[in-house]
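Visitor: Provided herewith is a single structure, encoded as structure tokens, for subsequent inquiry.
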Amino acid sequence: MTLLNSLRQQPDAQGHFGDYGGRYVAETLMPLILELEREYRAAKADPAFKAEFDGLMTHYVGRPSPLYYAERLTETIRESAAPGMGAKVYLKREELNHTGAHKINNCIGQILLARRMGRTRIIAETGAGSHGVATATVCARFGLKCVVYMGAKDVERQQPNVFRMKLLGAEVIPVTSGAQTLKDALNEALRDWVANVDDTFYLIGTVAGPHPYPELVRDFQSVIGTEARSQMLEAEGKLPDLLVAAVGGGSNAIGLFHAFLDDPEVAMLGIEAAGHGLDKAHAASINGGTPGVLHGNRTYLLQDDDGQITEAHSISAGLDYPGIGPEHAWLHDIGRVTYGSVTDQEALDAFTHLTRVEGIIPALECAHALAAVPAKAREMTRDQIILVNLSGRGDKDMATVAASLGVTI
Ligand SMILES: *Cc1c(COP(=O)(O)O)cnc(C)c1O
């Protein structure tokens with residue numbers, strides 16, 4: 001007899017989600033990756049590990065994050081909908097977490113794993129600096145040495161986050177190779193890891209990298225959907241009809257989606273950054289990319305005809321990554337999740353709208369998810385429900401938004 005096939009059982013033993021994922025790494029890294037996988041399996045089965053993770057989620061991060069019915073946002077959508085149409089919009093408030101976004105969930109999980117493995121030095125890559133700040137935060141909390149690789153161009157552009165990381169005790173290393181941005185920082189971090197195998201743990205910021213990273217980051221972030229699922233059942237007595245989340249590497253999106261993957265009545269929409277437009281500069285790996293290998297896994301990438309990775313662009317620094325997690329590539333191919341895209345301008349408009357009608361200033365990343373909501377909601381009836389992941393708060397985006405509105409602050 002065959003068992004019911006669950007979409008939540010991926011990846012396979014080699015880390016494949018369908019044709020994607022895997023572990024494309026240098027021979028020297030293989031023993032490390034295998035050790036990490038062994039230790040992760042042991043941690044996952046250890047109630048003490050889960051208890052410590054849950055305790056920190058409650059008392060340090062501030063979980064559970066609220067599930068909030070965005071009543072006025074819903075009203076403004078209904079004003080321009082046909083009679084009886086306009087779904088109810090709920091927000092999962094990840095922006096209320098310590099450090100202002102979902103990234104801390106993953107950082108707590110991985111630093112507990114690092115400690116369990118006896119590692120004393122943490123390395124990370126960062127683009128705009130959000131993952132670097134979250135990593136520096138947990139390193140301060142656990143008293144571990146922290147080294148963050150950051151493209152030299154990003155160091156210049158993101159001085160406030162560089163300063164935050166240094167305040168938290170991290171060493172920030174500007175990377176001057178390649179385009180001097182995120183993908184170069186990732187390469188440099190991988191190089192460091194190979195050279196410092198004995199004491200170093202590589203804390204990856206999204207559901208990318210070689211197996212088992214996409215799986216373990218997903219597991220740590222899936223607290224978002226697990227909470228939201230029971231909060232929704234309590235609030236409405238039923239599951240939402242549609243989930244919406246912004247997709248950079250894809251960690252907040254899969255964190256929300258995963259608990260619902262086996263509920264066929266729940267539709268899912270991931271939103272990529274269309275930047276200036278899909279025919280111009282963007283960061284939409286599925287909508288505007290092709291499969292290839294980057295950072296140890298096979299997935300959809302932004303690349304030219306020679307397989308050279310091209311620069312991603314988005315007004316939102318956190319979506320500015322030229323790839324996407326392999327689980328999303330697979331969920332796209334099998335049609336379980338739909339992937340749409342939203343431009344810089346549409347995201348800015350949604351950012352302003354939420355701020356004005358709900359008194360919540362969202363991060364530019366999740367403003368992309370919000371921008372896709374009104375059109376969807378208007379196609380749905382009033383008794384239907386959309387749940388949007390509000391992955392972060394917008395404080396970090398003040399300079400970017402002001403500049404785009406022509407305001408000097
Ligand atoms: C980093 C970031 C993202 C994008 O990363 P994912 O791994 O796709 O979640 C989205 N929202 C916020 C607030 C972020 O900081």
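Throughout, read-outs are computed from the coordinates displayed, never taken from laboratory work. All values reported here derive from a predicted model rather than from experimental measurement. Here Cβ is always computed from backbone atoms with ideal geometry, including for glycine, and neighbour counts include all displayed protein chains.
Visitor: What do you get for trypsin sites (Lys or Arg not before Pro) in segment 266-339 restricted to DSSP loop and a cutoff of at most 11 other Cβ within 10 Å of the site's Cβ? Kindly include the intermediate steps, with their values, before the conclusion.
Guide: Values: sites: Lys280, Arg298, Arg336; in loops: Lys280, Arg336.
Sites meeting the loop and neighbour criteria: Lys280.
Visitor: Can you give the calculated 222 nm mean residue ellipticity of the chain, where each DSSP H run of n ≥ 4 adds -39,500 (n - 2.57) and the sum is split over every residue, rounded to the nearest 500 deg cm²/dmol?
Guide: Details: 17 runs with 168 residues, N = 409.
Value at 222 nm, helices only: -12000 deg cm²/dmol.
Visitor: Jot down the per residue volume, in cubic angstrom and as a whole number, of the convex hull over the alpha-carbon atoms of the chain.
Guide: In the chain, the Cα hull volume divided by residue count equals 147 Å³.
Visitor: Hey, another quick one. Would you mind telling me which residue in Val197, Val162, Val133 has the biggest mean-square fluctuation in a Gaussian network model of the chain, where springs connect alpha carbons within a distance under 10 angstrom?
Guide: Fluctuation is largest for Val197.
Visitor: What's the center-to-center distance, using Cα atoms, between segment 207-251 and segment 386-409 in Å?
Guide: A separation of 23 Å, based on Cα centres.
Visitor: Among Lys92/Lys376; Lys153/Lys183; Lys44/Lys92; Lys92/Lys166, which pairs are too far apart, with a Cα-Cα distance over 20 Å?
Guide: From the list (Lys92/Lys376; Lys153/Lys183; Lys44/Lys92; Lys92/Lys166), the Cα-Cα distance tops 20 Å for Lys44/Lys92; Lys92/Lys166.
Visitor: Further, regarding this structure: Would you kindly enumerate the cysteines in the chain that have no other Cys beta-carbon under 4.7 Å from their beta-carbon?
Guide: Lacking a cysteine Cβ partner under 4.7 Å: Cys107, Cys366.
Visitor: Quick check on packing: order 267-275, 73-81, 398-406 by the mean number of other C-beta atoms within 10 Å, highest mean leading.
Guide: Working: 267-275: 25.8, 73-81: 17.2, 398-406: 13.1.
Per-residue Cβ counts within 10 Å, averaged per peptide and sorted highest first, yield 267-275, 73-81, 398-406.
Visitor: Using Cα springs under 10 Å in a Gaussian network model of the chain, which residue among Gly255, Gly109, Gly169 shows the largest mean-square fluctuation?
Guide: Of Gly255, Gly109, Gly169, the most mobile in the Gaussian network model is Gly169.
Visitor: Determine ³J(HN,Hα), in whole Hz, for all residues of segment 47-56 in sequence, where each value follows from phi through the Karplus function 6.51 cos²θ - 1.76 cosθ + 1.60 and θ = phi - 60°; x replaces Gly and Pro.
Guide: In residue order, the calculated couplings are x, 5, 5, 5, 5, 5, 4, 4, x, 5 Hz.
Visitor: Looking at segment 1-135 from every direction and averaging, what is the projected area of its Cα convex hull in nm²?
Guide: Hull-based average projected area comes out at 14.3 nm².
Visitor: Now for a different question. Counting pairs of alpha carbon atoms under 8 Å apart in space and at least six apart in sequence, what relative contact order in percent does segment 277-387 give?
Guide: The value is 19 percent.
Visitor: Give the percent of DSSP beta bridges with both residues in segment 263-409 that are antiparallel, rounded to the nearest 5.
Guide: Details: 8 of 14 bridges.
Expressed as a percentage, antiparallel bridges in segment 263-409 total about 55.
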